[in-house]
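A short worksheet on the structure shown next.
The values are calculated or read from the model by the stated rules, or taken from the named source; none is laboratory data. The structure displayed is predicted, hence computed values, not measured ones. No Cβ is skipped: glycine too gets one built from the backbone with ideal geometry, and neighbour counts run over all protein chains shown. We work out accessible area using only protein heavy atoms, side chains counted, and drop any ligands, DNA or RNA first. Shrake-Rupley method; radii C 1.70, N 1.55, O 1.52, S 1.80 Å.
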Amino acid sequence: MLFNSYLFMLVFLPATLGGYTLCGRFGRRAATGWLVLCSIVFYGWWNVGYLALILGSTLVNYRLGKALAETRSRAVLILGLTFNLGVLGWFKYAGLFSHTLASLTGLDGFVVTVALPLGISFFTFQKIAYLVDCWRGETKPYDMLEFSLFVLFFPQLIAGPIIHHAEFLPQYQARKAGLDAENVSVGLTLFIAGLFKKVVIAEAMARYASPMFDGAAAGDPITFLEAWPGALAYTLQIYFDFSGYSDMAIGLARMFGLRFPVNFNSPYKATSIIDFWRRWHITLSRFLRDYLYFPLGGNRHGESRRMVNLMVVMLLGGLWHGANWTFAVWGGLHGIYLMINHGWRMLVERTGWRMPGPAFPYRALGWLVTFVAVMLAWVFFRAASFEAALNIFKGMVAAEGRLVVTPGLQSVARILAPVLGPATVNAGQSLPYFLGFHQLAVTLLVLALALVLPNTQEWLHAHQPALGERPTPGLLARIGAWSPNIAWAVVMIVVGCVAFIQSMQPVEFIYWQF
């Protein structure tokens, strides 16, 4: 059951909110039990067979957590990590490794095909963090019902954010069961904003990006004029898709009076790769830092060791996203980017050298280099295979005579000719994966929205919509700050209706099986 489905919006959510209010009159445990039951229904709606997996895993991790809190046994911790990583490895990577082995050895009889349970990467990391903290003595006693809610709570169950037990359980224990008007209004606003991002903006970009990537996978030669706009469209699609879904999750939790951590902070405004990873998928970055990078030694053993640790973390972080070696390349590219970024900072710190002149041109250059680097890495993330990615990159550099332009772009082609070679003018028919100037106009408009407009955390700054460091609102955020009044209610009703109607159309959900 996806957040943008009519079943969720018209049936499941109203019933869950109403039942929570009613059960709250009978005490906290009744309300907690109701939320756990609704979350089980939410998860089981996709495939009831996988309920045994998530419920069994929840029970095992609860018992392991209690044992670790009592004994602080390293053996129990290793058992718990082995169990969780084993489950994740089987369901997510058995197919990848068996296909890889078959391609290397020709032993096709060993190929394994396993259906991937929804959200397994998210709830596995969540439980690993809990077990490690139990072993460290950093948890409090929780009963089975509360722990089940922590794992199963439906807003974060499919696509995060990756919630830490110290953020969720004490917060839940400290509040009374029931709904609050301000929480519901803030949460509903966040949900509508996220829904609009997902089904309107992200899907508009998908209409430009998906045909190009599908054509590359099919072996169609991708031209210069198809590769760059298509890659840019996907760069914006994945941001508005995942950012929108995170906003919906944060908004849903807020309706129940709970604050989830911020997961995005305008990552495409970053002026370095280090800055990008402080803004993109923040809860994943935090998990990788606290439970992988620091245990590996972080930067405590010299610069060379830090570079190795960064690469290991990013490679594993890439594979976490999907069972395809292209994800590992995506992670490896970001590992290289981070190594270069840290190396540059170290050089500047040691030499004391500073660039002359005002800072703005250098910040603009830093933004451009960062954005292009991120966009190029997204090609591997989205491409179905290495061959498809190479096909797109050939188009980007206009290899093999792929600088094909429409008549209106001949002047641009002449400027690029010294670098990319002579252009071919396609006057007879349109390029199959380039829809013309309106594609460029719409894509650049969406890019401007990502770069100029305040994000949801800035927009609702006064109401503390989420946990974590709150970004300082800029001028536009202060001028158009949201507040629970009639004017904003009318605006959100209009936006919500547009998004609701658009939800009738089939939509992609990029992160649904991560």
task = Beyond 29 Å between alpha-carbons counts as too far, so tell me which of Lys92/Lys198; Lys176/Lys198; Lys66/Lys176; Lys92/Lys394; Lys197/Lys269; Lys140/Lys269 fall in that bin.
result = Lys176/Lys198; Lys92/Lys394; Lys140/Lys269
note = Taking R0 as 41 Å and r as the Cβ-Cβ distance between Gln171 and His438, the FRET efficiency 1/(1 + (r/R0)^6), rounded to the nearest 0.05, comes to 0.30
inquiry  = Taking the Cα centroid of the stretch 67-101 and of the stretch 364-433, what is the distance between the two, rounded to the nearest whole Å?
reply    = 43
request  = Can you work out the accessible area per residue across the stretch 68-149, with the rest of the protein chains kept in place, probe 1.4 Å, in square angstrom?
outcome  = 48
ask   = Using a basic spin-label model with each label point 7 Å from the Cα along Cα→Cβ, how many nm lie between Leu79 and Ser5?
value = 3.7
message = Treating only the Cβ of Lys, Arg, Asp and Glu as charged (+1, +1, -1, -1), what charge dipole size does the chain show about its Cα centre? Round to the nearest 20 debye.
response = 1240
inquiry  = For the stretch 200-329, what does the accessible surface come to per residue with a 1.4 Å probe? Please give it in Å².
reply    = 29
request  = Which order do the peptides 377-383, 58-64, 24-30, 388-394 take when ranked by the mean count of other beta-carbon atoms within 10 Å per residue, highest first?
outcome  = 377-383, 388-394, 58-64, 24-30
Rounded percent of accessible protein surface that carbon and sulfur make up, the stretch 14-55, 1.4 Å probe = 72
ask   = With helices defined as uninterrupted DSSP H runs, which ones in the chain have an alpha carbon span along their own long axis of at least 18 Å and mean Kyte-Doolittle hydropathy of at least 0.0?
value = 28-44, 51-71, 74-105, 120-136, 181-196, 203-218, 224-255, 303-321, 325-351, 360-382, 437-452, 486-502
query = How much of the accessible area of the stretch 460-511, probe 1.4 Å, is carbon plus sulfur, in whole percent?
reply = 68
inquiry  = At a 10 angstrom cut-off on C-beta neighbours, averaged per residue, how do the peptides 181-191, 348-358, 131-141, 245-255 rank from highest to lowest?
reply    = 245-255, 181-191, 131-141, 348-358
Listed values (1) 130, 69, 54; (2) 75, 60, 58; (3) 88, 55, 41, entry calculated as Cα extents along the principal axes in Å = (2)
query = Protein chains only, probe 1.4 Å: how do Lys66, Lys176, Lys127 rank by accessible area, largest first?
reply = Lys176, Lys66, Lys127
inquiry  = Need one number: nm distance between label points at Glu182 and Leu145, each 7 Å from Cα along Cα→Cβ, rounded to one decimal.
reply    = 2.8
query = Mind checking the dipole of the stretch 82-146: about its Cα centre, +1 per Lys or Arg Cβ, -1 per Asp or Glu Cβ, Debye to the nearest 20?
reply = 80
query = Charges only on Cβ, +1 for Lys and Arg, -1 for Asp and Glu: so what's the dipole of the stretch 362-487 about the Cα centre, in debye to the nearest 20?
reply = 160
request  = Using only C-alpha positions, report the orientation-averaged shadow area of the convex hull of the stretch 434-514, nm², one decimal.
outcome  = 8.3
query = Which of the listed residues, Tyr239, Gly297, Ile282, is farthest toward the dipole's positive end in the stretch 226-337, when Lys, Arg count +1 and Asp, Glu count -1 at the beta-carbon?
reply = Gly297
inquiry  = Once R0 is set to 41 Å, what does the formula 1/(1 + (r/R0)^6) return for the Cβ-Cβ distance between Ala489 and Ser103, expressed as a FRET efficiency to the nearest 0.05?
reply    = 0.10
query = Of Val419, Gly401, Tyr433, whose Cα points farthest to the positive end of the dipole of the chain (charges on the beta-carbon: +1 Lys, Arg; -1 Asp, Glu; origin at the Cα centre)?
reply = Val419
remark   = Computed, not fitted: 222 nm per-residue ellipticity of the chain from DSSP H runs ≥ 4 (each -39500 (n - 2.57)), nearest 500, equal to -21000 deg cm²/dmol
task = Rank by packing, highest mean first: peptides 473-486, 437-450, with packing defined as the count of other Cβ atoms within 10 Å averaged across residues.
result = 437-450, 473-486
request  = Please give, to one decimal in nm, the separation of the simple spin-label points placed at Arg350 and Thr113, each 7 Å out from Cα toward the Cβ.
outcome  = 5.4
query = Can you pull the percent of the stretch 258-307's accessible area that's carbon plus sulfur, 1.4 Å probe, other chains left in place?
reply = 49
